[in-house]
Amino acid sequence: MTVAEDSRVRLAPGVMLRHDRNRGAWMLMAPERVLTLDDTALAVLRACTGPDAPTIGGAIDALAAEYDAPRGEIATDVLELLADLRLKGYLAP
Amino acid sequence: MSCTAADVDAPYAVLAELTHRCPLRCPYCSNPLALDPASRELDTDGWKRVIDQAADAGALQIHFSGGEPCVRRDLEALVAHATAVGLYSNLITSAVLLDAERLARLKAAGLQHVQISLQDVEPEGADRIGGFKGGHARKLEVARAVVEAGLALTINAVLHRHNIERVDDFIDLALELGAGRIEVANVQYYGWGLTNRAALLPTREQLIAMDHAVRARLPSLAGRIVVDYVVPDYYARRPKACMGGWGRRFMNVTPSGRVLPCHAAETIPGLEFETVFDRPLAAIWRDGAAFARYRGTAWMPEPCQSCDRKEQDWGGCRCQALALAGDAAATDPVCELSDAHGTVAELRDRDAAAEVPWRYRGAAG
Ligand code: SF4
Ligand code: SF4
C-alpha cells in the first residue's frame, strides 16, 4: 500500500489522537485498540492530519524545515509511517 | 502473589454490561446462566459513578455492552458522561433496537465505534439462531446508518457449526457494509455457549476449511478492513491470552455492579467478587482478591511455570481450565503441554459429532 506525496490523509472513522495524562503519552485511540505514539509519529500525524492539513508533500516540507533535516530522509520516514498506519487501519483508505 | 500494588499497570478498558436484557436469544450468549433482572440493574447515577471510577483507574476505553445496551434509555446520557471524563466509547450491540435518529444522538454524545454482531449472512438462518424475526434485515439497515453517520463500524461474525461455511460471505458482507473492522469470532464455549456446545461446535473439517478461507483472504484485505481472527480454542495447540491476561487489561462490571476480571469469572468457585458499592474500581483493580488471584505468573503450576510462553498467553483461560480440567488453577487444557489436553480432543470430537438441537438463551426479567 503506497501513499503519494500529492495526496492527503485523514484518520479513519473512530480514530482519534489523544493525550493520556496517566501514562504521560500520546496515543491513537481506535476501535478496541490503542497505539502509543513516539515523538516522531506524533509530529508526523500532527503535520499530516486535521481539518487544515496540507498534502503529504506539504507536510514533509514543513517537517524538513522545522527539524532542519534533509527532505529526502524525512520523506522516506513519513511515507513509510503513513503507509504502515494505513495498512493497520488507523488512516482512512 | 508476586504482584504487589506497585507493579500493576492501569486497566486499558472497562466493559460496562449495562443490562442482561436482550430481545435476541442467541444460544451462545456469553451472559451467565443466572441473568440479572432489570430490577437489579445499576441506575443512571450508579453507572455514572462507575464511569468516573473507570477514568480514575486509568482506563482509556469503555465498552457499553450487555445483554443489549440499547434497552437502557439512559445510554445517551452514559455515553455523554464517558466522553466528558475522557473515555473512548464503544457500543457492542445486536443493533435491532437502533435507528438513524438514535445513532445521531449517540454520536452527538461522543460515541466513536459501534460493533454489530451478525448471526449469519442471510435472514433465515440469522433470525433462526438469534431467535428474533426480522433481526437480520434490521441489523444491515443499522450497519449502513452507522457508516453514514461517520462512526466506526465493526462486524462481529459469530461462527459455529451452522454458518461456518459462509465465512467468505461474512467478509464480503462486512466490506459491502463499509465496516472498518471484522471480528471473525468463533463461538466461545462459556455461559450459554457451554450448555449448547454439542449443538454448535464445528467439525474439524469445517474448521480447517474456514481457517484456509480466512488466511487466503488476509493479504488482500490488508488496508481495506482490519481483521481480528483467532483460531478457535478447541482446535488450537496453544491457548490464547484470555482477556489479554487475567487482571492485566480489562475489568468487567455486571448489570448489578459486580466487578469481574472476565465475564465468565463467576463460574469459578471460591473467588470473591467485590461490587461497585464496596470500593472504587481503582482499588478493586489494584488489590481486589479476585483480580490478584490469577494475575501475573506466580500462581501458575507446571508446565506453565517453566514455559517461555508464560508471559504471552498467561497460561490461557481460567474459566476454560475449570470447565475442561475441573480446576481453574490448572494450565488451560487447550495447551498441548497440559496433562488434560486429551480431554479437550475427546469432548470436542464427541460434541462435534452430536446431533442435538440448541437451547435458546433465557430472558432476563
Ligand atoms: S449474544 Fe445474542 S442474546 Fe446474548 S446479548 Fe448478544 S444478541 Fe443478546
Ligand atoms: S504451558 Fe502454559 S504458558 Fe506454556 S504454552 Fe501451555 S498454557 Fe501457555
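The values are calculated or read from the model by the stated rules, or taken from the named source; none is laboratory data. Given the structure is predicted, the values throughout are model-derived calculations rather than measurements. Reconstructed Cβ throughout: ideal geometry from the backbone, glycine too, with neighbour counts over all protein chains shown. Calculation scope for accessible area: heavy atoms of the full protein, side chains included, ligands and nucleic acids excluded. Shrake-Rupley method; radii C 1.70, N 1.55, O 1.52, S 1.80 Å.
For B:ALA185, work out the one condition from (1) under 23 Å from B:VAL356 (Cα atoms); (2) more than 14 Å from chain A (Cβ to nearest Cβ) it doesn't fulfil.
Against the list (1) under 23 Å from B:VAL356 (Cα atoms); (2) more than 14 Å from chain A (Cβ to nearest Cβ), B:ALA185 comes up short only on (2).
Pick out the one residue from B:LYS107, B:LYS139 that is surrounded by fewer than 19 Cβ atoms within 10 Å (Cβ to Cβ) and in a helix (DSSP H, G or I). I'd like the intermediate steps shown before the answer.
On the way: B:LYS139 fails: surrounded by fewer than 19 Cβ atoms within 10 Å (Cβ to Cβ).
Matching residue, one of B:LYS107, B:LYS139: B:LYS107.
Name the single residue, out of those in region B:344-365 being open to solvent by 50 Å² or more (accessible area, probe 1.4 Å) and assigned to a helix (DSSP H, G or I), that is farthest from ligand 2 (Cβ to nearest atom).
Only one residue tops the list, namely B:ALA353.
With the structure loaded, tell me whether B:ARG293 is open to solvent by less than 10 Å² (accessible area, probe 1.4 Å) and either within 25 Å of B:GLY193 (Cβ to Cβ) or of a type in the set (Val, Ile, Thr) (or both) or whether it fails that test.
Judged against the criteria, B:ARG293 is not a match.
Return the pair list, or none, for Cβ contacts closer than 9 Å from residues in region B:332-361 that are within 14 Å of another protein chain (Cβ to nearest Cβ) to residues that are open to solvent by 40 Å² or more (accessible area, probe 1.4 Å) and within 15 Å of ligand 2 (Cβ to nearest atom), at least 6 apart or on different chains.
Close Cβ pairs satisfying both conditions: none exist.
Need at least 1 residues that are within 10 Å of chain B (Cβ to nearest Cβ) and touching a Ser or Thr at 6+ places or on another chain (Cβ under 8 Å) per element, so show me which strands (runs of 3 or more DSSP E) inside region A:1-53 make the cut, counting only ones lying wholly within it.
Filter on region A:1-53 gives A:25-30.
Here are A:LEU42, A:LEU82: which of them is at pLDDT 95 or above and farther than 20 Å from B:ALA152 by Cα?
Exactly one residue qualifies, and that residue is A:LEU42.
Condition check: away from chain A (no Cβ under 14 Å), within 9 Å of ligand 2 (Cβ to nearest atom) and open to solvent by less than 50 Å² (accessible area, probe 1.4 Å). Does B:CYS317 satisfy that?
So B:CYS317 does not fit the description; no.
Give the number of residues within region B:107-155 that are of a type in the set (Asp, Glu) and within 12 Å of another protein chain (Cβ to nearest Cβ).
Qualifying residue count, region B:107-155: 1.
Does region B:26-42 contain any residue that is within 16 Å of ligand 1 (Cβ to nearest atom), assigned to a strand (DSSP E or B) and under 26 Å from B:VAL158 (Cβ atoms)?
Scanning region B:26-42 turns up no residue that is within 16 Å of ligand 1 (Cβ to nearest atom), assigned to a strand (DSSP E or B) and under 26 Å from B:VAL158 (Cβ atoms).
Just for helices (runs of 4 or more DSSP H) wholly inside region B:190-248: which have at least 3 residues that are at pLDDT 95 or above? Walk me through it before giving the result.
On the way: elements: B:191-195, B:197-200, B:204-221.
Result: B:204-221.
Go through (1) in contact with an Asp or Glu (Cβ under 6 Å, 6 or more places away or on another chain); (2) of a type outside the set (Ser, Thr, Tyr); (3) open to solvent by 10 Å² or more (accessible area, probe 1.4 Å) for B:ARG40 and report which single condition fails.
(1)
Collect the residues in region B:67-83 that are more than 14 Å from every other protein chain (Cβ to nearest Cβ) and out of contact with any Cys (no Cβ under 6 Å at 6 or more places or on another chain), keeping them in residue-number order.
B:PRO69, B:CYS70, B:VAL71, B:ARG72, B:ARG73, B:ASP74, B:LEU75, B:GLU76, B:ALA77, B:LEU78, B:ALA80, B:HIS81
Criterion first (in contact with a helix residue (DSSP H, G or I) (Cβ under 8 Å, 6 or more places away or on another chain), in contact (Cβ under 8 Å) with a residue 60 or more places away in the chain and surrounded by fewer than 17 Cβ atoms within 10 Å (Cβ to Cβ)) does A:PRO93 satisfy it?
On the way: in contact with a helix residue (DSSP H, G or I) (Cβ under 8 Å, 6 or more places away or on another chain): yes; in contact (Cβ under 8 Å) with a residue 60 or more places away in the chain: yes; surrounded by fewer than 17 Cβ atoms within 10 Å (Cβ to Cβ): yes.
So A:PRO93 fits the description; yes.
What pairs come out if I take residues in region B:218-239 that are more than 14 Å from chain A (Cβ to nearest Cβ) and pair them with residues that are acidic (Asp, Glu) whose C-beta lies under 6 Å away, six or more apart or interchain?
Cβ pairs passing all conditions: B:ARG237/B:GLU336; B:PRO239/B:ASP313; B:PRO239/B:ASP332.
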